[in-house]
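Colleague: Quick one: the structure is below, questions incoming.
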Amino acid sequence: MSLDPVETNPDHYKVVFENDRVRVLRYTDSPGVRTTPHEHPDSVMVTLTGFRRRLYSGDTQRDVELPAGMTGWLPAQEHAGENIGDTQTEVIFVELKDGDAGPRDPGALGPQ
């Protein structure tokens, strides 16, 4: 079973650019929407709107509140997310395709 977010949550994740080095995704959702589990490789995340989310990974959950215009590192991880705020979420993910990337950090949840 694929955990590619474009396949697991196609209503929310769209590929907007791809080449042999990166894949760029645009993510959108509305308050109350929850995604199914999916994976992200090492990525750069750019928030287009401010939002509040609850992230789930196994028995762990983490609430995050991010402002519009934030750029940050997202280490490789598997999670599901829920929009727990009252605004739409809009984010750009620049996924790295570098074959030298390290293994997924099982303790990573959300942006750093």
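The values are calculated or read from the model by the stated rules, or taken from the named source; none is laboratory data. If you're wondering where the values come from, they're calculated on a predicted model, not measured in any experiment. The area values use the complete protein model at the heavy-atom level, side chains included, leaving out ligands, DNA and RNA. Shrake-Rupley method; radii C 1.70, N 1.55, O 1.52, S 1.80 Å.
Colleague: How do D29, D86, D98 rank by accessible surface area computed with a 1.4 Å probe, from largest to smallest?
Modeller: Details: D29 5, D86 135, D98 75 Å².
Largest accessible area first, the residues go D86, D98, D29.
Colleague: Report, in deg cm²/dmol and to the nearest 500, the calculated mean residue ellipticity at 222 nm for the chain, where each DSSP H run with n ≥ 4 adds -39500 (n - 2.57) and the sum is divided by the residue count. The partial results should precede the final answer.
Modeller: Values: 1 runs with 4 residues, N = 112.
Only helices count here, giving -500 deg cm²/dmol.
Colleague: Highest GNM mean-square fluctuation, the chain, Cα pairs closer than 10 Å: which of G81, G32, G50?
Modeller: Result: G32 has the largest fluctuation of those listed.
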